[in-house]
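Contents: one structure, followed by commentary.
The values are calculated or read from the model by the stated rules, or taken from the named source; none is laboratory data. Predicted, not measured: the structure shown is a model, and the values here were computed from it. Using ideal geometry, Cβ is built from the backbone for each residue, glycine included, and neighbour counts are taken over all protein chains shown. All accessible areas refer to the heavy atoms of the entire protein, side chains included, with ligands and DNA or RNA removed. Shrake-Rupley method; radii C 1.70, N 1.55, O 1.52, S 1.80 Å.
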Amino acid sequence: MIRLLRRFWPATLRMQLMLVLLPIVGLPIIATGYVLELRSHEAFMAEKHDHLHGIDVLLARHLEGRGGFRGLLDGYAGDPDDRDAKIHFLNVRLREFSDQVAQAFPGVGVGYFHRDLNAIVTYGPSDQYDRTVGMTIPAGHPGWKVMAGGTPMTVSGGQVRGQIMNSMLPIEERGRVVGYIWANEFLDAIERQAGAMRLAVQTMTLVGFGLSLAVVYFVVAQLTNKLEKIKKGLARLRFDLGTPIAPIKGEIGEIVEAINGLAQSLLETRSMHDNILDSLADAVITVDSGNTVTYINPAGCELFGCRPEEVVGKPYLALFRPDANFCSPIVDTLQSGREHRGIEVDYPLPQRTPHVVASTSVLYDGRGRKLGVVAVIRDITEQFLLRRKVAQTERLAAVGEMAAGIAHELRTPLTSIRGFVQYLQGSSSPREWREYGDIIIREVDGLNRIVSELLDLVRPQPLHPVPTDVNQLVRETLILARDAAAGARIAFVPELAAGLPLVEADPGPIKQVLLNIVVNGIEAIAGSGEIRIRTAADRPGRVKVSVADTGCGIAAAVRERIFDPFFSTKATGTGLGMAIARRIVDGHHGTIEIDSEEGCGTTVTIHFPARETEG
C-alpha cells in the first residue's frame, strides 16, 4: 500500500499540500453537511408532527366549545335510530370549521370520527373529501388504536386519504373515548418539502466545500508561489551572492531575510578570502578531481605567465611543456592522496623553468567528499640561484680549507722524511740506516693512511644495504670496543630495545661509524667512566642509536666544527673520522646529532629509517 502511494504521490509541493489539506478541510465540511441533513430531516418531521398535532388540538377545542358530540346531539330531534341523519346533523355543525382549518393550512386534511356512529363526521376540505362522510375506517386503521388506548398517535402510510402522515387525537367525553380528530398531510408533499430542505443543505455543503477548496488553493498557491520565489532566488544565489531574493511579507519573509543575510555574510567572507588570496605573494591554484584548473590567483597568473580565463577550465598539465615529462606534486596528490609540504621542484613552463617550493593539500566538501587539490607555490628561483652560488662559494672555501688541512697533514711527515733522507745521505752506518729507515717507513705509512681516509671521504665506496638488526651491530661493536679499551676502567652498558624493526644498512660502514664514536668516548674519559649505548624506536618508521659517555664533553666552539674535514682536537688525529661517519650516515638516509656540554659528557644519536614491511 505504501509503495503504491509512493508511486502515485505527486512530485510538486502544491499538489502534495492540496492532497493533504483538502481532506483536513473538506471532510469536516462534508461530515457536517451530512449530519445537518440528517438532523434537519428529523427536525422537519418533528415540526410536521407538532404542526399536525397543533391542528388536532385546534379542532378539539372547537368541538369542546360546542359541547362535544354529546352536546351537539342533544339538539338532534330526528329518529334516534337514524344513523345517517345523526351523521348529517353533526356534519352540518362541524363542516364549516373543518373547512376553515383546512383552508388555513393548505394541503392538510382534517376531520372528526364518531366512534358510536362508526363514521367519519367531517373531512375537510369538504369539496374534496365530502364523499368520505359517513364512511367507516378499516379494522386495521390506526384510529382504532387511538380510540382503544386513549392516546394521541402520529403514523405514516396508506389510509383513507392515501399515503399520508396522520396525526390523531382521541376525543374523551365523561371519561369515555367517543371518537378521534385527525390532521394529515400527503407524504409526497412532505417529502417534497424535506427534499427542498435537503437540497438546500446539500447546496450549502457543496458551496462550503467549494469555498474551502478555493481558500485552500489560494493559501497553497500563495505559499508555493513564495517558495518558488525562494527556490529561484537560491538558484541565483548559487552563482551570484550579490543578487538577494526579493522581499516577501509574513513569516516566510523572515526566512527570506535570514537567507539574504546569510548570503551577504557569505559574500563578505568570500570577498575577504578572495582579497586574501589575491594579495598573497605565493601562487595558489586549485585543481578538481578531473585534473582541471578551477581557480588561480594573481600571483599564480604571474608565475605561469597567463590570465585567469586562459587557465580556469583547462587541463592542469597543459600549463607545462608537453615534452618535459614532468611529475607534478599536484597530480601526485590527486592520484595518491599523499600531501606534500615544502618540496622544491623545477616547473618546466613553456617560456622558462622556475625553481619553486610547493605544498599540496586535498580539498574536501562539507560531506567529506574529495573535490580536488589546492597547491601553494612560491617562486624561489632567485633564492635558489643565490643559494647555489653561496654553496659553490662554500665548496670552494671548503676545498681551500681542505687543501690547507691536507698540506698541513702532509708537510710534517714529508719534512721529517726529507730531514732523515738528507742525514742518511752523509751517513754510512748500517745501524742508522736501519733505525731511520724504520722511521721513514712509519711516516710514509702515516701519509698513506691520510690519503686513504681522504679518498674514503671524497670518493666513498658504494653501499650494499641489507636488512640489518641494529641491536646485533651494537653487540658486535661492543666486542671490538672492549678490545680497544683494554686496561681502561670503563664500563660498557648496553640498553637494547626488544622488537625493533630492521633497517636497510650496510653493516660494515655502520659498524665503523659506531666504533669510531665509541673510541672517541673512550679517549674522552680520563680515569674511570661509563659508556651507555641505547637503541629504541624513535617515531613511526624510525630507529635510533645513542652513544653516551661520561667524558670531558665538547666545547660549543668545537661542536660547531666537529664534522669538518681535518678538524681535530687530538694530537694524533687526522680530523676525518667524524666527517666520514657523517657521510656514511647520510648515505643511509639517516641523521647524526651531537649533544654535549663541557665537563658533562657527550651523547651522539644516529637516526635510521626503518625498513618498510610488505603487506
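Identify, please: which residue in region 254-270 is surrounded by 12 or more Cβ atoms within 10 Å (Cβ to Cβ) and without any contact (Cβ under 8 Å) to a residue 24 or more places away in the chain and is, among those, nearest to the chain's Cα centre (by Cα)? Looking at residues that are surrounded by 12 or more Cβ atoms within 10 Å (Cβ to Cβ) and without any contact (Cβ under 8 Å) to a residue 24 or more places away in the chain, I get 262.
Counting only helices (runs of 4 or more DSSP H) that sit completely within region 75-161, those holding 3 or more residues that are surrounded by 12 or more Cβ atoms within 10 Å (Cβ to Cβ), touching a residue at least 40 places away in the same chain (Cβ under 8 Å) and not charged (D, E, K, R) correspond to 83-104.
The requirement of being free of Cβ contacts under 8 Å to residues at least 12 places away in the same chain, more than 58 Å from the chain's Cα centre (by Cα) and part of a loop (DSSP other than H, G, I, E, B) is fulfilled somewhere in region 477-500, by at least one residue. Scanning region 588-606 for residues that are open to solvent by less than 20 Å² (accessible area, probe 1.4 Å) and closer than 17 Å to residue 532 by Cα yields a count of 5. Any idea which residue in region 162-196 is nearest to the chain's Cα centre (by Cα), counting only those that are of a type in the set (Asp, Glu) and closer than 29 Å to residue 37 by Cβ? So, considering only residues that are of a type in the set (Asp, Glu) and closer than 29 Å to residue 37 by Cβ, the one nearest to the chain's Cα centre (by Cα) is 191. Within the set 215, 207, the sole residue that is under 18 Å from residue 25 (Cα atoms), among the hydrophobic types (A, V, I, L, M, F, W, C), open to solvent by 20 Å² or more (accessible area, probe 1.4 Å) and in contact (Cβ under 8 Å) with a residue 40 or more places away in the chain turns out to be 215.
Of these, 581, 555, 526, which one is in contact with a Gly (Cβ under 8 Å, 6 or more places away or on another chain) and modelled with pLDDT under 85? After applying the criteria, what remains is 526.
Just so you know, in region 37-50 the residues that are in contact (Cβ under 8 Å) with a residue 40 or more places away in the chain and of a type outside the set (S, T, N, Q) include one that is farthest from residue 113 (Cα to Cα), and it is 37. Applying the condition of being open to solvent by 70 Å² or more (accessible area, probe 1.4 Å) and β-branched (Val, Ile, Thr) to region 21-31 and asking which residue is nearest to residue 203 (Cα to Cα) yields 30.
Just one residue in the set 39, 14 is under 60 Å from the mean Cα position of the chain (by Cα), under 30 Å from residue 219 (Cβ atoms), in a helix (DSSP H, G or I) and among the basic types (Lys, Arg); that residue is 14.
Filter region 55-74 down to residues that are without any contact (Cβ under 8 Å) to a residue 40 or more places away in the chain and in a helix (DSSP H, G or I) and give me whichever is most open to solvent (accessible area, probe 1.4 Å). Per the stated criteria, the residue is 61. If you check 74, 50, 79, 84, which single one turns out to be touching a helix residue (DSSP H, G or I) at 6+ places or on another chain (Cβ under 8 Å) and of a type in the set (D, E, K, R)? Unique residue meeting the criteria: 79.
The residues of region 173-204 that are assigned to a helix (DSSP H, G or I), among the hydrophobic types (A, V, I, L, M, F, W, C) and open to solvent by less than 80 Å² (accessible area, probe 1.4 Å), listed by number, are 187, 189, 190, 194, 196, 197, 200, 201.
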